[in-house]
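Accompanying notes for the structure given below.
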Amino acid sequence: MYNDLYNAWKSEKSSSLPQPLPADLYHRTIIYLNGVDEELSTTDTHTIQGRLLVREKEMTERLLNELRQTRIQKIISAAENRIPIQITSLTKEESGLLERIEQSLSSLDQQLPTSPKTDDLTEELRVVRFLEDIPEIVGVDLRIYGPFKKEDVASLPAPNAHALEKQGAAKAIEVKQIS
């Protein structure tokens with residue numbers, strides 16, 4: 001179980017969008033942690049075995065929390081910047097979160113008549129340099145961009161470029177007009 005969680009965490013850290021997870025990963029991890037707790041209740045924590053169990057529990061909880069936080073941040077950022085996410089990459093709970101965020105943003109857009117239209121945002125492109133490898137992404141204009149390698153330079157729709165910059169995956173490059 002620990003290896004499954006570690007691999008999911010590692011995969012998540014190397015991408016700007018949520019990566020597919022086994023649907024029951026969170027549930028299995030909680031069951032695993034409950035088993036470790038049960039074993040700890042009958043183990044002397046001053047022994048090597050006891051200390052290893054304590055450390056295993058701490059590391060598993062840390063990986064689980066970081067995985068959840070990373071995925072939540074990616075979901076919020078993607079929704080905020082109108083970057084589509086593959087629903088199949090999300091757990092049931094995460095899909096519900098994404099849906100509620102999108103509904104809230106849509107409601108807010110309707111209440112704010114001065115907010116820019118998505119069509120206006122897709123016309124502007126920004127040039128970025130990638131700071132890490134990025135798999136294919138679907139732009140707000142519904143075009144596929146990438147995959148990109150570290151140090152690649154590309155023009156992306158401004159909302160997508162901004163989202164990648166916020167995640168630390170890319171850096172904007174100022175392009176000056178030559179006249």
- Task: Those residues that are of a type in the set (Asp, Glu) and loosely packed, with under 14 Cβ neighbours inside 10 Å, I need them from segment 1-26; list them, please.
- Result: Asp24
- Working carefully through the options Thr45, Thr29, find the one that is farther than 27 Å from Arg82 by Cβ, touching a helix residue (DSSP H, G or I) at 6+ places or on another chain (Cβ under 7 Å) and surrounded by fewer than 16 Cβ atoms within 10 Å (Cβ to Cβ). Thr45
- Answer yes if at least one residue in segment 47-65 is assigned to a helix (DSSP H, G or I) and within 30 Å of Val140 (Cα to Cα), and no otherwise. yes
- Query: Which residues, taken from segment 71-114, are β-branched (Val, Ile, Thr), closer than 25 Å to His27 by Cα and touching a residue at least 60 places away in the same chain (Cβ under 8 Å)?
  - Reply: Ile85, Thr88, Thr91
- Note on the structure: When Ile76 is run through (1) out of contact with any Pro (no Cβ under 9 Å at 6 or more places or on another chain); (2) surrounded by 15 or more Cβ atoms within 10 Å (Cβ to Cβ); (3) part of a helix (DSSP H, G or I); (4) of a type outside the set (Phe, Trp, Tyr), the failure sits at (2)
- Search segment 143-155 for residues that are assigned to a loop (DSSP other than H, G, I, E, B) and pair each with any residue that is at pLDDT below 90 and surrounded by fewer than 11 Cβ atoms within 10 Å (Cβ to Cβ) when their beta-carbon atoms are under 9 Å apart and the residues are at least 6 apart or on different chains. Gly146/Glu136; Pro147/Glu136
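The values are calculated or read from the model by the stated rules, or taken from the named source; none is laboratory data. Since the structure is predicted, the reported quantities are computational estimates derived from the model, not experimental observations. Because the Cβ atoms are built from the backbone with ideal geometry, glycine has one as well, and the counts that use them run over all protein chains shown.
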